[in-house]
Amino acid sequence: MIRARLCSQNPHKLEELRAALPGWELELLEANGYPAEDGATYYENARAKALFGRAHVKPSPWTIGEDSGIEAAALGGRPGVRSARWADDGVARLLEEVAAADDRRVRYVCELVCLTPDRELRGTGILDGTLATAPSGSEGFGYDPIFVPAGETRTVAELGNAWKRRHSHRARAARALLAAAPS
Ligand code: IMP
């Protein structure tokens, strides 16, 4: 059993990652003073969170940092790594900015960095989709009510948490992390 601390304050992410990392005992790191997410990449932000966790957890189990975002093709990939701080109401702003564009392609990106006592493991996951014209559904969080995954007709918020646990960008990043982890 691998014991790891997820350096995040988002319980949705904990739930998704617990499902995607069977055999790992994951807990959220509750701490004040999380680092500002001002890195240039998801990787930098995820690594900063994992390093922050390592400094707070003693004796140190493994720590996992996570950073994610949504990228709109019509906006040249924005809001991307800035997704969490882009707007008070990111859903409304994204719908507004993409409204006039023909291209409604979006993708979710998730980067995971896991620090073990002697190495750094990394996993990236991407979920492609298109932007709905109006929010729909009640599960998930953030942009899920307007994100329709490729091959689906409903939003992630309508498809629900069980779907998300199997198919999300976070689940995909976790599978990549598992593949990189020592057995
Ligand atoms: P983070 O907590 O800094 O990684 O912020 C990521 C931001 O990207 C969130 O606040 C959401 O706006 C968006 N985001 C990332 N993953 C998801 C997801 O699974 N569903 C919906 N929005 C997401």
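Counting charges near residue 44 (Lys, Arg +1; Asp, Glu -1) among other residues having Cβ under 11 Å from its Cβ returns a value of -2.
Other residues lying with their Cβ under 14 Å from the Cβ of residue 144 contribute a combined charge of +1, Lys and Arg counting +1, Asp and Glu -1.
When N counts the residues of the chain, how does its alpha-carbon radius of gyration compare numerically with 2.2 N^0.38 Å, as a ratio?
Dividing the Cα Rg of the chain by 2.2 N^0.38 Å gives 1.02.
Could you work out the local net charge near residue 166, counting Lys and Arg as +1, Asp and Glu as -1, over the other residues with Cβ closer than 12 Å to its Cβ? Net charge around residue 166: +4. Just checking the listed ones, 96, 120, 158: in the Gaussian network model of the chain with Cα springs under 10 Å, the one fluctuating most is 96.
Compute the relative contact order of the chain as a whole-number percentage, counting only Cα pairs closer than 8 Å that sit 6 or more residues apart in sequence.
Value for the chain: 20 percent.
In summary, the lysines within cross-link reach of residue 164, defined as a Cα separation below 22 angstrom excluding same-chain residues under 8 places away, comprise 13. Across segment 115-158 the C-alpha pair distances fall into 5 Å bins from zero in the proportions 6, 22, 22, 14, 8, 7, 9, 8, 4, 0 percent.
Of all the options 76, 53, 160, the one that moves most in a Gaussian network model of the chain with Cα springs shorter than 10 angstrom is 76.
Since only 137, 31, 99 are under comparison, the one whose Cα sits farthest along the positive direction of the charge dipole of the chain, derived from C-beta charges on Lys, Arg, Asp and Glu, is 31. Positive end of the dipole of the chain (Cβ unit charges, origin at the Cα centre): among 157, 179, 9, the Cα lying farthest that way belongs to 179.
Within the listed set 45, 32, 161, the residue fluctuating most in the Gaussian network model of the chain (springs between alpha-carbon atoms under 10 angstrom) is 32. Spin-label pair residue 84-residue 100: with each label point 7 Å from Cα along the Cα-Cβ axis, the two points sit 3.2 nm from one another.
When +1 charges are put on Lys and Arg Cβ atoms and -1 charges on Asp and Glu Cβ atoms, the dipole computed for the chain relative to its Cα centre reaches about 600 debye.
Here, each number is a calculation from the coordinates, and none is a lab measurement. From a predicted model like this one, the values you see are computed outputs, not experimental measurements. All Cβ positions, glycine included, derive from the backbone under ideal geometry; neighbour counts span all protein chains shown.
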